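Trainee: One structure, pasted below without further comment.
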Amino acid sequence: MKNPTCIFCKIIAKEVPAQIIAETNDILVINDIAPKAPIHYLIIPKNHIADVKSLQDTDVELAGKMLLMAKQLSQVLPEPRAFKLVMNNGAAVGQSVFHIHCHFLAGKQMTDF
Ligand code: AMP
């Protein structure tokens, strides 16, 4: 389901270029354009859902697939395969693109939460 004003929907539709890391029927993984860590991927479901608050019970499989994609991405990290997942929900905590996504961050110390 595409939202014509959404940058991630345009990337998913290949109307806007992005560096694609992985793609399945349901999920696209791209490099973040403004990385906060040496590895900074965005795990993006292809359905336009604004945020975690907008998930429905029927999205349970999709939500699980996002986590399993994180596991898959971690498999090529050097040991101990440490990574952080972040999902911003609401502008007040930093969400800037209102299409649900999970930040996958790795490659540096991130112990301050
Ligand atoms: P959030 O602030 O949690 O909504 O995260 C949105 C993320 O999308 C930010 O880290 C942006 O750097 C990233 N972003 C925005 N536009 C693009 C784009 N065209 N390609 C890749 N990443 C983007």
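The numbers here are math on the coordinates, done by the rules we state, and not lab data. The structure presented is a predicted model; accordingly, all values stated were derived computationally and were not measured. Neighbour counts are summed over all protein chains in view; Cβ atoms, including those assigned to glycine, are modelled from backbone coordinates with ideal geometry.
Trainee: Quick one: count up the residues across segment 83-113 that are in a loop (DSSP other than H, G, I, E, B) and more than 12 Å from the ligand (Cβ to nearest atom).
Mentor: So the answer is 8.
Trainee: Might you let me know whether segment 45-66 holds any residue that is over 25 Å from ASN3 (Cα atoms) and either aliphatic (A, V, I, L, M) or in contact with a strand residue (DSSP E or B) (Cβ under 9 Å, 6 or more places away or on another chain) (or both)?
Mentor: no
Trainee: Further, regarding this structure: Restrict the check to segment 53-60 and report whether at least one residue is within 12 Å of the chain's Cα centre (by Cα) and either part of a strand (DSSP E or B) or touching a residue at least 24 places away in the same chain (Cβ under 8 Å) (or both).
Mentor: no
Trainee: A further question follows. Can you list residue pairs whose Cβ atoms sit under 8 Å apart, with the first residue in segment 16-27 being touching a residue at least 24 places away in the same chain (Cβ under 8 Å) and farther than 22 Å from THR5 by Cα and the second being hydrophobic (A, V, I, L, M, F, W, C) and more than 8 Å from the ligand (Cβ to nearest atom)? Count only pairs 6 or more apart in sequence or on different chains.
Mentor: ILE21/VAL29; ILE21/LEU73; ALA22/LEU28; ALA22/VAL29; ALA22/MET69; ALA22/LEU73; THR24/MET69
Trainee: Right, something else. Looking for something among the hydroxyl-bearing types (Ser, Thr, Tyr) and either at positive phi or surrounded by fewer than 17 Cβ atoms within 10 Å (Cβ to Cβ) (or both) - is there at least one such residue anywhere in segment 38-50?
Mentor: Within segment 38-50, none of the residues are among the hydroxyl-bearing types (Ser, Thr, Tyr) and either at positive phi or surrounded by fewer than 17 Cβ atoms within 10 Å (Cβ to Cβ) (or both).
Trainee: Take the residues of segment 1-35 that are outside any loop (DSSP other than H, G, I, E, B) and over 22 Å from LEU68 (Cα atoms): which is farthest from the ligand (Cβ to nearest atom)?
Mentor: Checked segment 1-35; the qualifying residue farthest from the ligand (Cβ to nearest atom) is LYS10.
Trainee: Is it true that some residue in segment 23-32 is touching a helix residue (DSSP H, G or I) at 6+ places or on another chain (Cβ under 7 Å), surrounded by 16 or more Cβ atoms within 10 Å (Cβ to Cβ) and more than 30 Å from GLN109 (Cα to Cα)?
Mentor: No, that holds for no residue.
Trainee: If we keep just the residues of segment 61-82 that are in a loop (DSSP other than H, G, I, E, B) and charged (D, E, K, R), which is surrounded by the fewest Cβ atoms within 10 Å (Cβ to Cβ)?
Mentor: Ranking the qualifying residues of segment 61-82, first place goes to GLU79.
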